[in-house]
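All remarks here apply to the structure that follows.
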Amino acid sequence: MENTMISTIIFSKNRACQLDLLLRSIQKNFEHISSDIYVLYKATTSDFRLGYDIISDKFPNVTLVSETNFEENTKYLLNISNEYVCFFVDDNIVYRRPEIDQGSIVSIFENIDEFGCFSFRLGLNTVIQN
């Protein structure tokens with residue numbers, strides 16, 4: 001368990017500004033959870049592409065992948081990611097630091113056979129349901 005890491009995959013289309021806010025919020029509140037970050041993005045014009053170029057320069061540790069085929073690109077990212085993956089879309093933000101650490105999340109998945117998803121947004125008021 002100690003070597004298991006959690007990757008982050010973010011989907012973005014024509015919204016580099018929102019992606020910038022999400023990436024800054026991840027740096028501030030989520031970097032203790034995610035070990036690497038991949039962004040699958042689509043830019044429909046050269047102006048939108050310029051926004052993603054700026055993001056690439058601003059966040060050199062984030063891997064940006066230009067979408068050519070959503071399904072195939074997503075499979076590729078899942079293949080190069082760690083065993084556990086956290087998904088975001090570009091208009092999400094992480095507004096505060098989760099009260100759980102990466103090891104605790106991984107142990108949940110390793111200790112419950114039928115567990116497939118952990119939601120950070122639902123909170124402690126949610127229970128596991130079949």
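The values are calculated or read from the model by the stated rules, or taken from the named source; none is laboratory data. Since the model is a prediction, treat every value here as computed from it, not as a measurement. Every residue, glycine among them, receives a Cβ derived from its backbone with ideal geometry; neighbour counts consider all protein chains shown. Accessible surface is based on the protein model in full, side chains and every heavy atom, while ligands, DNA and RNA are left aside. Shrake-Rupley method; radii C 1.70, N 1.55, O 1.52, S 1.80 Å.
Being within 12 Å of Tyr41 (Cα to Cα), touching a Ser or Thr at 6+ places or on another chain (Cβ under 9 Å) and without any contact (Cβ under 8 Å) to a residue 40 or more places away in the chain is a property that does not hold for Asn69.
The residues of region 72-88 that are outside any strand (DSSP E or B) and touching a residue at least 40 places away in the same chain (Cβ under 8 Å), listed by number, are Thr74, Leu77, Leu78, Ile80, Ser81, Asn82, Glu83. Among the residues of region 61-69, none qualifies, meaning not one is open to solvent by 70 Å² or more (accessible area, probe 1.4 Å), within 18 Å of Ser7 (Cα to Cα) and modelled with pLDDT under 75.
Residues that are without any contact (Cβ under 8 Å) to a residue 12 or more places away in the chain and assigned to a helix (DSSP H, G or I) within region 28-49 comprise Ser46, Asp47, Arg49, listed in sequence order. Residues of region 10-19 that are surrounded by fewer than 22 Cβ atoms within 10 Å (Cβ to Cβ), among the hydrophobic types (A, V, I, L, M, F, W, C) and not in a helix (DSSP H, G or I): Phe11 alone. The residues of region 81-99 that are modelled with pLDDT of 85 or more and either buried (at least 17 other Cβ atoms within 10 Å of the Cβ) or of a type in the set (Val, Ile, Thr) (or both), listed by number, are Ser81, Val85, Cys86, Phe88, Val89, Asp90, Asn92, Ile93, Val94.
The residue list Gln129, Gln102 contains one member that is open to solvent by less than 100 Å² (accessible area, probe 1.4 Å) and modelled with pLDDT under 75, which is Gln102.
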